[in-house]
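First the structure, in the form of structure tokens, and then the observations on it.
The values are calculated or read from the model by the stated rules, or taken from the named source; none is laboratory data. Note that this is a predicted model, so its numbers are computed, not measured. Cβ atoms come from the backbone with ideal geometry, glycine included; neighbour counts cover every protein chain shown.
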Amino acid sequence: MRTETSQITEATNRALVSKAFDTLFNKRDYVAAARLWSTDYIQHSAHIGPGRDGLIDLIKGTPATLKYEPGTTVAEGDFVIVHGRSSGHGLAANWIVGDIVRVKDGLLVEHWDVIGGEATPELSKSGLPVFGNKFTA
């Protein structure tokens, strides 16, 4: 049974992950971002180097046009899952990403992801976008 305390913790964790992603991916404030990720950060993503430095170095190497848009965000206990879109990274298609983040003591401490290319209307067999409620231009 979820208690009021667990609901507050989960809301706090959702807000922290949202702030951390915006700080790093959109604002590119590397100093502020470093304060939101643990120095012992564990990175499970296949395309990102280990630790907090691997993540920050990845973003430093992406085009200034990179943009991250969070979508549905769900939290349970120490875990936050964000369904988001990454665009402006210089690849042929936007990425639709399911990020799973573990939070501990007010810091992001561990991360996993699932990444897929964003389908166009012509490629979507369902006729529906895989992120949001409309296709991007």
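A few notes on this one:
- Restricting the search to strands (runs of 3 or more DSSP E) fully inside the range 36-100 and requiring at least 1 residues that are among the charged types (D, E, K, R) and more than 15 Å from N26 (Cα to Cα) gives 37-43, 67-76.
- For the condition farther than 21 Å from I115 by Cα, modelled with pLDDT under 95 and assigned to a helix (DSSP H, G or I), A33 does not qualify.
- For the range 104-137, a residue qualifies if it is of a type outside the set (S, T, N, Q) and farther than 18 Å from G84 by Cα, and the qualifying residues are K104, D105, G106, L107, V109, P121, E122, L123, K125, G127.
- Residue list for the range 48-69, restricted to those being under 16 Å from W112 (Cα atoms) and touching a helix residue (DSSP H, G or I) at 6+ places or on another chain (Cβ under 8 Å): I48, G49, R52, L55, I56
- Among the residues making up the range 16-47, those that are aliphatic (A, V, I, L, M) and free of Cβ contacts under 8 Å to residues at least 60 places away in the same chain are L24, V31, A32, A33, A34, A46.
- Counted residues, the range 105-131 - those being surrounded by 15 or more Cβ atoms within 10 Å (Cβ to Cβ) and either among the hydroxyl-bearing types (S, T, Y) or over 15 Å from the mean Cα position of the chain (by Cα) (or both): 4
- Candidate set: the range 44-73, residues that are surrounded by 12 or more Cβ atoms within 10 Å (Cβ to Cβ) and among the β-branched types (V, I, T); chosen: the one farthest from the chain's Cα centre (by Cα): T62
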